[in-house]
Amino acid sequence: MELEEITVIILLLAVVTALAEVTDRVKIPYPVLLVLAGIGISLIPQLPVVELNPDVVFLIFLPPALYAAAWTTSWTDFKKARRAISLLAVGCVLFTTTAIACVAHYLIPGFGWPESFVLGAIVSPPDAVAATAATKGLGVPKRLITILEGESLVNDATGLIAMRYAIAATATGTFIFWLASINFFYVAGVGIIIGLIVGQLLFWIHRITPDNPTTDTTLTFITPYIAYLFAEQIHVSGVLAVVACGLFLSQRSSKIFSHQSRLQANSTWDTVNFILNGIIFILIGLQLKTVLAHIQEHSFSTLLWYGFLVSAATIVARIVWVFPAAYLPRLSAGVRRRETEFSGRNVSIVAWSGMRGVVSLAAAMALPLMIQETTPFPNRDLIIFLTFAVIFSTLVFQGMTLPILVRKLGVKGDVGTRKEEDAIRHQIASSVIEHIEENYSLALDDVVLAQIKAKYEIRIQRLRKDDSNRLTEKQIGEFHRIQHELIKQERVALDLLYQAQKIGDDALRKIERELDLEEARLELEVAEA
């Protein structure tokens, strides 16, 4: 890596961080702001061109992004929504691929069927990172988020596998549907098996190695790359391998991580995800100059028209698929019995949440230059431009209007979630107090026993909404306010001791960490109150 490239990366990180600081003030979704900033930066003269390397995206960016999304996805909720997720991740992707292929073939001169299906396969799957970023902070129901994130975890595999066969059809001029179908299930199925094998192997490694937050966190970063590379090496779906591995290990995290490892891994992953996601979106915007530089045979107005046609087809195809797919299966009594009905407002949000991302652009740029020694890949540069147009249109147009649509439709988060969580906390605290009384009431001094029980009794008082003797919200707020002030006073006293050189650096850092953990716990209690 040359010094110039390192400089560009550092500058991009600075831009990503600066934009994150202002995104709440400008009221523009973070991914949209980054894409627009990337486009703006790319138009500045004399700046070095930053080209997107497909291998870097597929190897460096994609595995951790998928793994992080899979890690935070509930396997229980994923299973409950598997029908909806499958209809979107497989059915909607293939339907969109076909719809875009028809639009490209019939409305864009010189677009043959093979390259039309290549384009359709590239732009059909919504992006995992974009889906998570689009719904963050909107207060939409948990089931809706599960469906969108679950779809985005699986659909990349569908799109990339479909693209592989479309490229083969472009090169050979033949396409055997039944053989492609068999290979699709083989590639997907074996990819999932590989992911589960890697997950079991890493689970075993975590269990037999000593608890060490640093090595445990390092292993979590190595895991998605192991799963991806292993699967790709035997030519099956690395995407599904990473997803399967992430879902497998996330359900067993309490058995393999100590509290220190979990805290450190979560904090580290938050930072890395922020950096990777930020660079991904700003790189999309930076590609505009590169994409336009390779297209000479079409006027800019013609390119805009073609981009509008394909982008509109992409958005409309999803809407056309989502509504029938949501309601037609409910004609079955079995489906109605197993699944609660999804409101039309929520279906509308799913239909509008089809933002494309960097995987589509990387797939387009990874297209071969030649299909034979003397035959260039047909319409390759135009495919790349149209892919960029779809990504830009869906990210900016749908990304900016999605929050407005959520507000207009009055979509709200789950009302019962907080009550359910409070009931669980109440049950846990009550069981701990029972355990204390049964096991420690005779063994401990009364003063010590009272101190131990006090924390759980205060928690129960706060959770008892129907108890007239519980602490009022005002009293709870005052309690937390005083606790915050006392922690600040502890920090002042600690700083005075350090300035007076009465304690060393090691003691300072250790006590600061204790205060950090105490304040973090207190802030969590305030958030739950």
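The values are calculated or read from the model by the stated rules, or taken from the named source; none is laboratory data. Given the structure is predicted, the values throughout are model-derived calculations rather than measurements. We place every Cβ from the backbone using ideal geometry, glycine too, and count neighbours over all the protein chains shown. The protein model used for the area step is the full one, side chains on, heavy atoms only, and it has no ligands, DNA or RNA in it. Shrake-Rupley method; radii C 1.70, N 1.55, O 1.52, S 1.80 Å.
For the pairs K79/K412; K488/K510; K80/K142; K455/K510, note any where the Cα-Cα span goes beyond 20 Å. Distance filter (> 20 Å) returns K79/K412; K455/K510. In this simple spin-label approximation, L517 and K79 carry label points 7 Å from Cα along the Cα→Cβ vector, and these lie 3.4 nm apart. Paramagnetic label reach from L292 (point 7 Å along Cα→Cβ; backbone nitrogen cut-off under 18 Å): within segment 40-60, residues 40-52. Less than 5 angstrom separates the built amide H of F377 from those of M370, I371, all sequence-distant by 5 or more or on a different chain.
Along the chain, the longest continuous region that contains none of the GluC sites (Glu not before Pro) in a DSSP loop with at most 14 other C-beta atoms within 10 Å is 52-296.
Accessible surface of D446, taken over heavy atoms with a 1.4 Å probe and every protein chain present, rounds to 120 Å².
Residue ranking by accessible heavy-atom surface, 1.4 Å probe, largest first, among M163, M370 comes out as M370, M163. For segment 287-438, the dipole from Cβ point charges (+1 on Lys and Arg, -1 on Asp and Glu) about the Cα centre works out to 660 debye, to the nearest 20. Modelled spin labels at L442 and I428, positioned 7 Å past Cα toward Cβ, are 3.0 nm from each other. Helices meeting the span-like rule in the chain (full DSSP H runs, Cα extent of at least 24 Å along the helix axis, mean Kyte-Doolittle score of -1.0 or higher): 3-26, 142-172, 177-208, 213-233, 259-286, 300-327, 446-463, 473-499, 505-528. Helical content alone sets the calculated 222 nm signal of the chain at -25000 deg cm²/dmol, taking -39,500 (n - 2.57) per DSSP H segment of four or more residues and averaging over every residue.
The mean sequence separation of alpha-carbon pairs under 8 Å and at least six residues apart, normalised by the residue count of the chain, gives a relative contact order of 21 percent.
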